[in-house]
Each structure stands twice: as C-alpha cells, then as structure tokens.
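**Q** Please read through the structure below; I'll follow up with questions.
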Amino acid sequence: MENRLRLPGRRALRVATGTALCLAISFALDLSIPVIAPVFIVFLLAAQNRPLPFKAGLAFAFVVMLTTGSGLLLVPLLRHYAFAGVLLVGLMLFLAFRYGLRGGNNLVSTFLVAGLTMISAAGTTSFELGVTVVGALVKGLLLAVLVSVLTHWLFPEPASTRPQPAPQVMPGGHAERIALRAALVVMPVYLLAMTDPASYMPIIMKSVSLGRQSCTTTARSAARELIGATLLGGLLAIVFWFALRLFVHLWMFFLWMLLFGLLVGRKLYGISPTRYSPGFWLNSLVTMIILLGQSVQDSAAGKDVYTAFAVRMGLFVAVTVYACLMLLILELSGRAP
C-alpha cells in the first residue's frame, strides 16, 4: 500500500529530473536544437513506466533511420515537384498517425511525424540544414533514451507495479478519421515552415504536439484542452524566464526546470487533482520547454527576446485555434447525414 501511495510521487520526480537533466545537458553541449531532447523525454517518461527494453531500443534506432532517410529523400521531390511532394508528406503523416491509433507505438508515431516534417522542411532550403536537423534529432533522441534509463534507475517502479497496458486499438474507420484530423492539424504549419525552416522549427514541434493531443481530444473539450494548455505553457515560460534572470547559471537552469517539472508533475499524476486531463498538463509542459528554450537561444544570439517571444506565442495561439477549428469542422461533418 505504501508503495502505491508513493508511486505518483516517484513518477513526478522521474519526469521532472529527466526533463531538467536533458535541458541542462542539451544547452551545456550547445546542441543545434536543444529543446528536442527534453521534449522527447517528456513524452518518453509519460508514456512508459519501465525503461526501454533492448527490442524497443532497436525499434527506435530503426525509426531514426526511417525518418532521416524518408525526410532527406523527399527533399528533391519537394524542390522540383512541390505539389506532389506535399501530397506525399501529407499521406505519410496520415499513415504515421494511423499507425499509432491502430495499436502501434505512439512514441514511434510521434518521432516519425516530427522527423518527417522537420527534416524535409529544412532540406528544401538547404541540404546542409537538413543534415543538421538529422543530427539534432538523433542526438536528442539518444540523450533522451540515456537519461530515461538513468531516471528509471534513480526512481524505479516497485516490482509489484504492472506494466502499462497495450495501446487501445481503434476501429479502422474511426482511426482513419482521427489520423486524417491530426495530419490536417500539422500540414498548414509544415507548409508555413517550408518558407523559413530555421525560424519556424519550434512551430513544427508545437504542431506535432497538437497533432498528438488531437488524437485523444473531442471537439467539445478542444478549446479548454488545446488553447488552455498553450496559454498555460506560455505563462509558465514567462514566469520561468524572469525567475532565471535572478541568477543566470546553468545549474540554476537545471534547478528551476526541476521545480517547474515537479509542479506540473503533481498535476500530471494526480498528486494534486484537477479537472484537467493528463494530456493538458503534458502539453503545457512541452509548450513551456519549446518557448523557453527558444527564448534562451534568442538571448544568446543577441536578439530581442520579448519581441521574438510575442511573435512566437502569437503563432502558437493561432496554430492552436486552427487545430480547434479543424476538430470542430471534422466532427460536425462526421455527424452530417
């Protein structure tokens, strides 16, 4: 009984510690896209209550190869036959989301969507930029997997804890509608990012998170779940930024992230119950990480942090409102006779 009572606390500590470690290490190593590892480990630790087994590690390695290969192979098609290339990207997004909904690994589905969109968009501007994104994704994934193993060792699950049940398989027709809806959430942001991939890379990551969240959100709760999570993530990023400015140091970056991760983790695992779903808190944390990481990079590059944050936050809200409208339109059309 004691272990059961302590279990949510262990999981909250695991998510907070893993996220803080990934964020600090990514910035310490000066990775090209430092928010990738902390975003992936949030999904990884929230979805798995056990460290990745060897077979799952091989599956992730295969996904890395598949993602990087498909993304780079699409670059010539997108450059010379843009319309056909975009249609093919849309089809692949639909298949990736459908794979997750039909009982496949949701982490594999998420990584495939992220890699496909980010790499192909970057490659249309510069092949070198596409290769850079490939390296960033691979390094971010490897760091997330290694840190997840460490945090599972630090905060292990009790031996009596049952493994998480297999993902629920949706019926074919319903899974296809939800996958189409998720793909349509991501596609407009992907098209926008192709105009300036370096600037819109965070928006792609946000759209991937929205696409993942839209698979489990109904039109009735979309405004509260999607828009609410985006606004809360922005508010947390603002508070985090001003807290970090009190004493700018990498260790303080780690400690503040640990604190914010614990605060969100309490809500995520029901230690402090709320009427919002775990997906709401998960996506609030992801939004905060993306916005905060970009603000830190803007500051290091000498850019106007507040203007850049305002523009980025406006885009995040616009993308989220579009996702809500897409959920509403498709749900209403599905009810029409």
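**Q** Within the chain, which complete DSSP H helices have Cα atoms spanning at least 20 Å along the helix axis and a mean Kyte-Doolittle hydropathy of -1.0 or higher?
**A** Membrane-span-like by this criterion, though nothing is claimed about a membrane: 2-28, 54-80, 82-101, 106-125, 127-154, 172-193, 197-214, 228-244, 250-268, 278-300, 305-335.
**Q** For n ≥ 4 DSSP H runs only, could you compute -39500 (n - 2.57) per run for the chain, divide by its residues and tell me the 222 nm figure to the nearest 500?
**A** -27500 deg cm²/dmol, from helical runs alone.
**Q** If packing is taken as the average number of other Cβ atoms within 10 Å across a peptide's residues, how do 124-133, 275-284, 92-101 rank, most packed first?
**A** 92-101, 275-284, 124-133
**Q** Extending each Cα 7 Å along its Cβ direction at L259 and L325, get the distance between those two points in nm, one decimal.
**A** According to this spin-label approximation, the distance is 4.0 nm.
**Q** Around L154, what is the net charge, scoring Lys/Arg as +1 and Asp/Glu as -1 over all other residues with Cβ under 11 Å from its Cβ?
**A** +2
**Q** Please get the size of the charge dipole for segment 2-335, origin at its Cα centre, with Cβ charges of +1 on Lys and Arg and -1 on Asp and Glu, quoted in debye to the nearest 20.
**A** Its charge dipole is roughly 980 debye.
**Q** Compute the whole-percent fraction of alpha carbon pairs in segment 223-301 spaced more than 15 Å apart.
**A** Counting every Cα pair in segment 223-301, those more than 15 Å apart make up 56 percent.
**Q** Let me ask another. Determine how many Å³ per residue the convex hull of the Cα atoms of segment 255-337 encloses.
**A** Per-residue hull volume (Cα only) is 106 Å³.
**Q** Which length gain, in nm to one decimal place, applies between F242 and A310 when the Cα-Cα distance is subtracted from 0.36 nm times their residue separation?
**A** That pair, F242 and A310, stretches by 23.0 nm at full extension.
**Q** Can you give me the distance in nm between label points at R6 and A318, each placed 7 Å from the Cα along the Cα-to-Cβ direction?
**A** Result: 5.0 nm between the two label points.
Each value in this text was obtained by applying a stated rule to the coordinates, not by laboratory testing. Just so we're clear, the structure is a prediction, and the values are computed from it rather than from any experiment. Every residue, glycine as well, gets a Cβ built from its backbone with ideal geometry; the counts of neighbours run over all protein chains shown.
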